1. Can we say Lys68 is in contact with a Pro (Cβ under 9 Å, 6 or more places away or on another chain), surrounded by 11 or more Cβ atoms within 10 Å (Cβ to Cβ) and either part of a helix (DSSP H, G or I) or modelled with pLDDT under 80 (or both)?
2. For the range 1-15, which residues satisfy the criterion of being out of contact with any Asp or Glu (no Cβ under 9 Å at 6 or more places or on another chain), assigned to a loop (DSSP other than H, G, I, E, B) and more than 23 Å from Val45 (Cα to Cα)?
3. Please work out which residue is nearest to Ala69 (Cα to Cα), limiting yourself to the range 15-42 and to residues that are surrounded by 11 or more Cβ atoms within 10 Å (Cβ to Cβ) and of a type in the set (A, V, I, L, M).
Amino acid sequence: SRQIGFAKEKLHLPEDCPVISCFEAGRDGFWIHRMLEICGIRNLVFDSSSIEVNRRKRRAKTDKVDVKALLRLLQRYLDGERKAVS
């Protein structure tokens, strides 16, 4: 919670700015999701099949690529595109 406050201050965001996180569902289960929700952080868990990939194009599987894909999916969801995570 202190780290979130520091980040908001550094980014010049108001204290009441909502914090939203997401992650890809995996073997860690939902304990991380429950912990974040208890801390007041809205969290979304996305199924890996919801993350768009170009099946014809070979691509490196890296955390950086995964984060960008998750951010695009999260933005589409928050913009109201509910089919983004179907």
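1. When the stated conditions are applied, Lys68 does not pass them.
2. Within the range 1-15, Leu11, His12, Leu13, Pro14 qualify.
3. Applying the filter and picking the extreme gives Ala25.
The values are calculated or read from the model by the stated rules, or taken from the named source; none is laboratory data. Model, not experiment: these values are computed from the prediction. As a convention, Cβ positions derive from the backbone with ideal geometry for all residues, glycine included, and neighbour counts pool all protein chains shown.
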